[in-house]
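Working notes, beginning with the structure itself.
The values are calculated or read from the model by the stated rules, or taken from the named source; none is laboratory data. Computed from a predicted structure; not experimentally measured. Glycine gets a Cβ as well: all are built from the backbone with ideal geometry, and neighbour counts include every protein chain shown. Note: accessible area is taken over every heavy atom of the protein model, side chains too, but ligands, DNA and RNA are not part of it. Shrake-Rupley method; radii C 1.70, N 1.55, O 1.52, S 1.80 Å.
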Amino acid sequence: MHAAFLGKLMIELRVFSFHSDEIMHQDIIPLYAADIQDQLKKQFAYLSGGRGGDGCPVITFPDYPAFSEIPEKEFQNVLTYLTSIPSLRDAGIGFILVIDRRQDKWTSVKASILRIAASFPGNLQLVLVLRPTGFFHRTLSDIAFKFNKDEFKMKVPIIMLGSVSELQGYIDKTQLTEDLGGTLDYCHNRWLSRRTAIEGFAQKVKQTAQILQSFGTELAETELPNDVQSTSSLLATHTEKKDKMKEDIRLAVEQGGDILGSITKPVTENPEYKLNQDQLDNQTTVERLLAQLHETETAFDEFWIKHQQKLEQCLRLRNFEQNFREVKAALDVVSERLSAFTDVGNSCSHVEHILKDLANFEEKSCETIAKARMLASEGDAFIQSNHYAVDSIVPKCSELHHLCDAFTTETERRRNLLNKSLELHGLLEKSMKWCDEGIYLLASQPVDKCQSQDGAESALQEIEKFLDSGAGNKIKELNKIYREYAHILNEDLKEHVQKVFQKQESMEEMFQKRQVSLKKLAAKQTRPVQPVAPRPEAFVKSPCTSPGLQREYVSNSESSALRRVNYRRGKSEMTELHQSRGGSTMDDEENLAVLRQHVINELIETERAYVEELLCVLEGYAAEMDNPLMAHLISPELQNKKDILFGNMEEIYHFHNRIFLRELENYVEYPELVGRCFLDQMEDFQIYEKYCQNKPRSESLWRQFSDSVFFQECQRKLDHKLSLDSYLLKPVQRITKYQLLLKEMLKYSKNCEGAEDLQEALTSILGILKAVNDSMHQIAITGYDGNLNELGKLLMQGSFNVWTDHKKGHSKVKDLARFKPMQRHLFLHEKAVLFCKKREENGEGYEKAPSYSYKHSLNMAAVGITENVKGDAKKFEIWYNAREEVYIIQAPTPEVKATWVNEIRKVLTSQLQACREASQHRTLEQTQSLPLPASSCTSPSRNHIRNTKKMEERKADLTSLEGYGTTIAPKYPEKGKGWAKTSHSLDASEENDGWSSAEDPLNSSDAEEEGGGGGGEMKLTPGKYTVVTDYEKGVSEEFTVKSGDLVQLIREGEDGLWYVKNLSSGREGWIPANNLLMLIGNSKSAQSLSSSESGTASSTLSTSSSCSDSCNASSTSFSDIKG
C-alpha cells in the first residue's frame, strides 16, 4: 500500500512538472522573461494579445527608430520568446505580423522586413506593413515593393497598407491596440510584469514538484531502524522535512492565487470587461498549475500519512521489543527464584516460614507479571490493527502468555506442595506430642501408689484413657503416609517420618509393658511400699516435643519463649512428682534421658534459628549495600563500611551453616556425646573473638546511621519488628548461650559415657568467653608504645588496689603510698604484666566500656611473687629486680587472688623449665661438692673455674640464687626488713588523684614478721619435700638420701641441725640446715601447696633468668619455703 501511494505521487509529480514546463515550452526554448527583461523593455516588438480572424496571434513591430541598431542576439531572443508564449495550437496556425513604419523611410522599411523575414522563428500567416505616410516615401515604397517583391523571400503574403483603416480590414478593431486605432487594452510594463510573475510561479511549482519527488523517494527508500532512539529520531526528522514541504506548497499556492487575482482583477472591477486571449491563456495556465498543486499536495498528504503510520508502528514495535526484553529478563529472574523454593520444610514452623516467604515473593512478583500481561495485551492490539510486523509480534506475545501462565501454575503447585507438607508435619508433630505426653504420663505415675490395687487400677485407667486419645493423633499406617505424601517425601523427611513412627511404636510398646505390670498388680493385694526420701538431683522433663525427632524451625521469639516456659514448668512438675516417691534406678535414667533429649533438641532448634537469622541479616542488609538499585539510599559516609558494620558475620554464618549445625544434628540420638562435637570444632569458635573486638566500631557506626532510609527500607522488606542492631547482637548472645546448654546437658549426663567430654567442652567454651572478654579489655588499652601481641597471650585481667614499696623514692611519696592505694587494672601476659588506669567513658552501648591508660609494665623474666601478705588474705606481692620495686596487690576476693597467684606461678614455672632445658645443653665441670652459701652472688666465670661439672649439674637442678646475667632475684626474705620501707607510686602525678583510703594500712609489726628483701637465710618449716640431689654425708653415715626421695622435716635441733625422715627408705637422721636448704631448694612442701594453711606463713616464688642465643649462661631461681 505504501508503494502504491508512492507510485501515485510520482505520477502526479511528473504531470505537474510537465505542465509547468509546457508554459514556456522549456523542452524547446529555455527562455524566461526575467532573463531578457531589458531587451523586452525596448518594445521594438510585442505580443499584444490580439488575434486574427482564425485566431492567429498578432505580433506588433511598432515604429522604432533605432530598429536597425538592435543587436542580432537581442533581436533573436525577443522574437524567440514572443513566439513561445502562445499555445502550441495557436502558434501552429501561424503568426500575423503588424509592422508599423508610418513614420519611417522606405529604406528602413525594406531593411526591417528583410531582417524580420530572415530571423523570425515561427510560422507566418500574414505580414501587414503600414508604409510611410509621406508622399515620396509612400510612392517609393509602392514602386519598390512591386519591383523588389522577390527580394523579401517570404512564403506568406506581405500586404502594404496605407492607413490604419485598411489595417482594420484585416484585423478586427478590438484586436488592435490603441496606437493602431483599436480598442485593445494593452500596457507593455504590465504585460512584462505579469509574464515574469507567471513564469516565476511556474518555476516554483516545478521546483516544489522536484523536491516532493526527491523527498518521496527518500521516504520510500529509508530503512526502518532497529532501536527506539533511532526510530524516534527518524520520525522527528521526517516530520520536520514534511512540515517544510507543506510550508513551501502553501507559499506556492498563495503566490499563484495572487497572480490569478491580478489577471482577473479587471473583470472583477468591471464585469463587462473582456479579457483578451493572452489574458485568458494566462488565467488558464495559472488555474491549471494551482489545481495540479492541490492534487500533488493531496497525494503527498496521503503518502505521508501512510509513511508516518509506518514509522509510528515501527516506533511502537521497537518500544514493544525493548519492553519485551526487559520483562523477559525480569520473568527469567522471577522464574529462577521460584525454582529455588524446593525445600518442603522440616517442621510446621519451617513450612509456615517458607509459605510466608512464597507469599511475599508472589506479592513482589505481581508487578512483573502484571507488566508482562499488559505488554502481551499491547502486542495483541498490534496484531488486531494489522501491524506490518505481525510475524515478529505473535511469537513474543505467545511467549509472554506462556511464561505468565507457567509462573502462576508453578506458584500454585509450590503452594500446594507446601500445604501438603504442612499437613504432614502437623500430623507428625501431633504424633510426637502424643508420644511425649505418653512418656510424661509413664514417668509421672508414682511407683509407691501403683503398689496398691486401687493405685494400680487407677494408673491402668489413665493409660487406657490415654491410649484411647491416640485415635486422632497417632500415625496408623506408614505405607498410607508414603502413598499420600509421595510427591513431597524426600530422604530427610522420609527418615523423619520413620523415626516418628518408630518412636510411636516404642512408646506403645512401653505402654503395653506397663499395662501388663499394672494388671498383675491390680490382680493381687500387695503391701504398700514406704516412700523413700527423694534424691535432690533427680529430675523429670515435661512433655515437650520429642527429643531427637523434633525439628521445628524456630523463627520467632514467641514460640521460643513458650518452649522455655514449658521446659521449666515441666522440670518443676517432674521434680515435685519425683520427690513425692522413691523411683527406681531405671526410672531415673529414663527421666534423665528425656531431659537430655530436650536439651539437645533446644540446642539444635536454636542453632537453626540462629543460622536463619544470620542469613537473613547477610541477605537483607549486607548484600543490599552492594545492590546498585539501593545505592541511592545509602549516604556517602556509609558506603564501603560494610566490613565495619557486620564484621566477620559471614565467616560465622558459613561455619555454623556448613559445619557446626550439621555436626550437631548427628548427635540428635546421642545427646550425652555432644561434648565431642564442641571439642572437634573448638578452634573455629575463635572467630567470635574477632567479631566481638569489632563490635564497638560496629555499634558506633550503627548509632551514626540508624535513622538511614536504607536501613528502614531493608527492615520493611524483611518485615522485621526489630532493627538491625538487635540482630548484630545475636553472635554475642549465641556464644554465651552454649555454656548454659552444656551445663544443662552435663547436669543430666554425669554418669554417662560422654560426661568427661561435656566437662572439657564446657571448660573450653568458658575459656573462649574469657578470652573474648579479656580481648575486649585489651583493645581498650591506650598509651602503650609497643605491640601488645609481642607480649604473648593475654592470660588474666582485672582491677586491683595497688601499693608500692620501692627502695628508691621521695620520703613523702613513700609515706603516702603506704596509706593510699592506687586503683589499677592489671593485664597479665606471658611475657609481661601491665599496670593501667581505668577511665570510664561517657556514651551509649559499647562506648560505655572503659578505656585503660597505660602506666607501667614489668618483664616477667625479672618478676617474683610473695603469695601471702600478713594481715589480708586478699593481698599478694609482685616484686621486680631483687625487690627494687615491690607492688602490693589487693584482689577483690581471696578466690581472685588465688587464681592470679596460680596463673603467675604457671608463667614463672614455664620460664624456669625453659631455662633448665637450655642449661642441659651446656657441658659443665663439677669443681666441688659442697653447697654454696645461700647469699652468694658469684659471677658465671668464677663459678666455672671453681665448680666441678658435678656441682654445676647439681646447681643447674637446684634453684640457686646465683644469677647469670644482670637480673638477680633474691632467694629468701631478709630478716628484720618489712613493709616500713615504702616507695613512690607508679605515677607520682597521681598522689592525690584516684587513691583510696578505704583500706587499712599495713602495720609495721606485721611487716617485720613477714620479712623483706634479702640475702639472709630463711627459716625452714616442717613438712614433706622432694629431694633434688643425692646426699651421702649426714651426721649418721647410715642415713643417706637420693634425688627423688620424699623426705619429711620433723623437728629442728641445736647447732643448725634438722631431724629428717626418708619416707622412701624409712630411715631417719640429722642433716645440717645449710645442706638441707640445698637438697630441697626447689621442691614444694606438701603443706605449702595451699598458701592459706598458716596465717603467718609466707610463700615466695621467684624466677630470674638471662638466656643468650648460645645458651652459654642460664640460671633460674624457684623457691617455695614455709617459714
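Can you tell me which residue within the range 753-791, out of those that are touching a helix residue (DSSP H, G or I) at 6+ places or on another chain (Cβ under 6 Å) and open to solvent by less than 30 Å² (accessible area, probe 1.4 Å), is farthest from ASP680 (Cα to Cα)?
Checked the range 753-791; the qualifying residue farthest from ASP680 (Cα to Cα) is SER775.
So if I check each of GLY200, GLY134, GLY122, which one is modelled with pLDDT of 85 or more and small (Gly, Ala, Ser)?
On the way: GLY134 fails: modelled with pLDDT of 85 or more; GLY122 fails: modelled with pLDDT of 85 or more.
GLY200 is the lone residue from the list that is modelled with pLDDT of 85 or more and small (Gly, Ala, Ser).
Assigned to a helix (DSSP H, G or I), open to solvent by 80 Å² or more (accessible area, probe 1.4 Å), of a type outside the set (D, E, K, R) and within 29 Å of ILE765 (Cα to Cα): does that describe GLN686?
So GLN686 passes the test.
Looking only at the range 197-210, count every residue that is open to solvent by 50 Å² or more (accessible area, probe 1.4 Å) and charged (D, E, K, R) and tell me the total.
1
Which ones in the range 58-89 are under 24 Å from GLU178 (Cα atoms) and in contact (Cβ under 8 Å) with a residue 40 or more places away in the chain?
Hits for the range 58-89 are VAL58, THR60, PHE61, PRO62, ASP63, PHE67, VAL78, LEU79, TYR81, ILE85, PRO86.
So which of LEU795, LEU826, LEU858, LEU816 ends up being at pLDDT below 90 and either within 24 Å of THR899 (Cβ to Cβ) or crowded, with 21+ Cβ neighbours inside 10 Å (or both)? Walk me through how you get there before you give the answer.
Working: LEU826 fails: at pLDDT below 90; LEU858 fails: at pLDDT below 90; LEU816 fails: either within 24 Å of THR899 (Cβ to Cβ) or crowded, with 21+ Cβ neighbours inside 10 Å (or both).
Only one candidate passes the filter, namely LEU795.
Assess whether LYS265 counts as being loosely packed, with under 13 Cβ neighbours inside 10 Å, more than 52 Å from the chain's Cα centre (by Cα) and of a type in the set (Lys, Arg).
yes
Among helices (runs of 4 or more DSSP H) lying entirely in the range 390-488, which contain 1 or more residues that are touching a residue at least 40 places away in the same chain (Cβ under 8 Å) and open to solvent by 70 Å² or more (accessible area, probe 1.4 Å)?
Of the helices (runs of 4 or more DSSP H) lying wholly inside the range 390-488, those with at least 1 residues that are touching a residue at least 40 places away in the same chain (Cβ under 8 Å) and open to solvent by 70 Å² or more (accessible area, probe 1.4 Å) span 390-444, 447-450, 453-468.
Hey, among ARG916, ARG883, which residue is among the charged types (D, E, K, R) and in a loop (DSSP other than H, G, I, E, B)?
On the way: ARG916 fails: in a loop (DSSP other than H, G, I, E, B).
None of the others qualify; the one that does is ARG883.
Please determine whether any residue of the range 292-304 is hydroxyl-bearing (Ser, Thr, Tyr) and more than 25 Å from ASP90 (Cβ to Cβ).
Checked against the condition, which is being hydroxyl-bearing (Ser, Thr, Tyr) and more than 25 Å from ASP90 (Cβ to Cβ), the range 292-304 yields at least one hit.
A quick yes/no check of all residues on (1) in contact with an Asp or Glu (Cβ under 8 Å, 6 or more places away or on another chain); (2) of a type in the set (D, E, K, R):
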position	(1), (2)
GLU336	no, yes
ASN360	yes, no
CYS366	no, no
ILE369	no, no
ASN386	no, no
THR408	no, no
LEU422	yes, no
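List pairs: first residue in the range 656-673 and without any contact (Cβ under 8 Å) to a residue 40 or more places away in the chain and under 17 Å from ASP492 (Cβ atoms), second residue of a type outside the set (S, T, N, Q) and loosely packed, with under 15 Cβ neighbours inside 10 Å anywhere in the structure, Cβ distance under 8 angstrom, at least six positions apart or on different chains.
Filtered contacts from the range 656-673: GLU663/ASP680.
Taking the residues in the range 155-196 that are hydroxyl-bearing (Ser, Thr, Tyr) and not in a helix (DSSP H, G or I) as candidates, determine which candidate is surrounded by the fewest Cβ atoms within 10 Å (Cβ to Cβ).
Keep residues of the range 155-196 that are hydroxyl-bearing (Ser, Thr, Tyr), which gives 163, 165, 170, 174, 177, 183, 186, 193, 196.
Next, from what is left, pick out any that are not in a helix (DSSP H, G or I): 163, 177, 183, 186.
Working: SER163: 13, THR177: 22, THR183: 11, TYR186: 19.
Across the range 155-196, the extreme among qualifying residues is THR183.
Cβ-Cβ below 7 Å, separation at least six or inter-chain, first residue in the range 315-336 and open to solvent by 30 Å² or more (accessible area, probe 1.4 Å), second of a type in the set (Val, Ile, Thr) and in a helix (DSSP H, G or I): which pairs?
Sorted first by the residue in the range 315-336, then by its partner, the pairs are LEU315/VAL228; LEU315/THR231; ASN319/VAL228; GLN322/VAL228; ALA330/THR368.
Which ones in the range 31-86 are of a type in the set (Phe, Trp, Tyr) and open to solvent by 10 Å² or more (accessible area, probe 1.4 Å)?
Residues satisfying the conditions are TYR32, TYR64.
Could you please tell me which pairs satisfy a Cβ distance under 6 Å, a separation of 6+ or placement on different chains, a first residue in the range 166-177 that is of a type in the set (Ser, Thr, Tyr), and a second residue that is open to solvent by less than 10 Å² (accessible area, probe 1.4 Å)?
TYR170/LEU128; THR177/SER48
Would you say LEU260 is open to solvent by less than 70 Å² (accessible area, probe 1.4 Å) and under 60 Å from the mean Cα position of the chain (by Cα)?
Spelling it out, it is not the case that LEU260 is open to solvent by less than 70 Å² (accessible area, probe 1.4 Å) and under 60 Å from the mean Cα position of the chain (by Cα).
Looking at LEU661, LEU701, LEU718, LEU645, which is the one that is among the hydrophobic types (A, V, I, L, M, F, W, C), in contact with a helix residue (DSSP H, G or I) (Cβ under 9 Å, 6 or more places away or on another chain) and open to solvent by 30 Å² or more (accessible area, probe 1.4 Å)?
Numbers: LEU661 fails: open to solvent by 30 Å² or more (accessible area, probe 1.4 Å); LEU701 fails: open to solvent by 30 Å² or more (accessible area, probe 1.4 Å); LEU645 fails: open to solvent by 30 Å² or more (accessible area, probe 1.4 Å).
After applying the criteria, what remains is LEU718.
Determine the pairs where a residue that is assigned to a helix (DSSP H, G or I), located within the range 629-652, has a partner that is open to solvent by 90 Å² or more (accessible area, probe 1.4 Å) with Cβ atoms under 6 Å apart, the partner being 6 or more residues away or on another chain.
From residues that are assigned to a helix (DSSP H, G or I), the pairs are ILE644/ARG697.
Which residue is most open to solvent (accessible area, probe 1.4 Å), if the candidates are limited to the range 224-257 and must be in a loop (DSSP other than H, G, I, E, B) and not hydrophobic (A, V, I, L, M, F, W, C)?
That would be ASN226.
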